[in-house]
Amino acid sequence: MTTSSLRPARRRVVRAVALAALTAAAMAVVPGTAAAQANPFQRGPNPTEAGIEASRGPFAVASESVSDLATPGFGSANITYPTSTSEGTFGVVAIAPGYTASESTIAWLRPRIASQGFVVISINTQTTVDQPAQRGDQLLAALDFTIQRASVRNRIDPARQAVIGHSMGGGGTLEAAADRRSIEAIVGLTPWNLDKSWSEVDSAALMIGAERDSVAPPGQHAIPFYNSLTGAEERAYLELDGASHFAPNTSNTEIAKYTISWLKRFVDDDTRYTQFLCPAPRTGLGSDLSDSRVSCPLG
């Protein structure tokens, strides 16, 4: 058995041990609460399909802008976060745009994810022609900045990090996860990267391709990425039926639904969201997906 085949199992064991320890500690302090909520990272009400497809989730949110003069290692940005921490702190998510694109092209996703219980930063890159490796570095810099930023840092659990990106930003999520092995989850949206081999990534990885993508055709990018993710904790590939490379640039229910489910499942360890991922979402007549591959059952 190879090291890469052992890695996902080891990661699951470490997470399970950590969850058990946190739950035991919580039960010692507040037995009723801990018994009712075995997972201390669980946030929000019981999920429904309508709830994760909605334009806003159950958490009230606020936003703030950050000038590029204040951001080390990336461009200007916007941060959206839940206004209340009554349920505890939240995982942190960074989002990067694609080649030649600005933060505004992926900004719709930020409040949608934040309102489901995450602190989310979406960034401009230092230049619009930055390559995937540079975008990966900037995603990591954005995570660090958000975790350390005084106005939101008390809302964040710094141990629960995730990255999302479109196109070269999606390729950047793979770069970020390869460089920072503690990242819990990544989501590549019509991702592009010249490097097709990512067995070193052990984050839970979701690649979302588009059937009619002529810029990053799934057969040349998202699918090879998915196939190479043999060391990932879990992996999935979903393909948007009839969609183009630029599907992530406007509000998209399928992208939001499965991105939220993936983050909830692997950043919050919330098994209530497994139902939206396993069995793998159906394809074909009446579905918005043309391909669907998920490493079910999810560990």
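Observations
- Cβ-placed point charges (K, R +1; D, E -1), dipole of the range 97-152 about Cα centre in debye, nearest 20: 200 debye
- The H on the amide N of ARG160, modeled in the peptide plane, is under 5 Å from the matching H of VAL92, each at least 5 residues off or on a different chain.
- When +1 charges are put on Lys and Arg Cβ atoms and -1 charges on Asp and Glu Cβ atoms, the dipole computed for the chain relative to its Cα centre reaches about 660 debye.
- Trypsin sites (Lys or Arg not before Pro), loop per DSSP, at most 13 other Cβ atoms within 10 Å - longest free stretch of the chain: 57-180
- Efficiency of FRET between GLN148 and SER244 - r from beta-carbon atoms, R0 30 angstrom, step 0.05: 0.20
- Under a 5 Å amide H cut-off, with hydrogens placed 1.01 Å from N, GLU234 pairs with ALA204, ALA205 among residues at least 5 apart or on other chains.
- Each residue of the range 193-198 is assigned a 3J(HN,Hα), and the resulting list reads 6, 5, 7, 9, 10, 9 Hz, derived from the Karplus form 6.51 cos²θ - 1.76 cosθ + 1.60 (θ = phi - 60°), x at Gly and Pro.
- Relative contact order, percent, the range 45-294 [alpha-carbon distance under 8 Å, six or more residues apart]: 16 percent
- Length released on extending from ARG181 to GLU87, taking residue separation times 0.36 nm less the Cα-Cα span: 31.1 nm
- Since only SER244, ILE121, TRP192 are under comparison, the one whose Cα sits farthest along the positive direction of the charge dipole of the chain, derived from C-beta charges on Lys, Arg, Asp and Glu, is ILE121.
- Counting only DSSP beta bridges with both residues in the chain, the antiparallel share comes to about 35 percent.
- Overall form of the range 86-144 per C-alpha gyration tensor (a/c, 1.5; a/b vs b/c): oblate
- If R0 equals 25 Å, the separation of the Cβ atoms of VAL129 and ALA70 corresponds to a calculated FRET efficiency of about 0.65.
- Sum of side-chain charges, VAL119 neighbourhood, beta-carbon under 12 Å (Lys, Arg +1; Asp, Glu -1): +4
- Taking other C-beta atoms within 10 Å as the exposure proxy, VAL152, VAL93 rank VAL152, VAL93 from fewest upward.
Each reported figure results from applying straightforward, stated rules to the coordinates on display, with no laboratory input. Remember, it's a predicted structure, so these values are computed and weren't measured experimentally. No Cβ is skipped: glycine too gets one built from the backbone with ideal geometry, and neighbour counts run over all protein chains shown.
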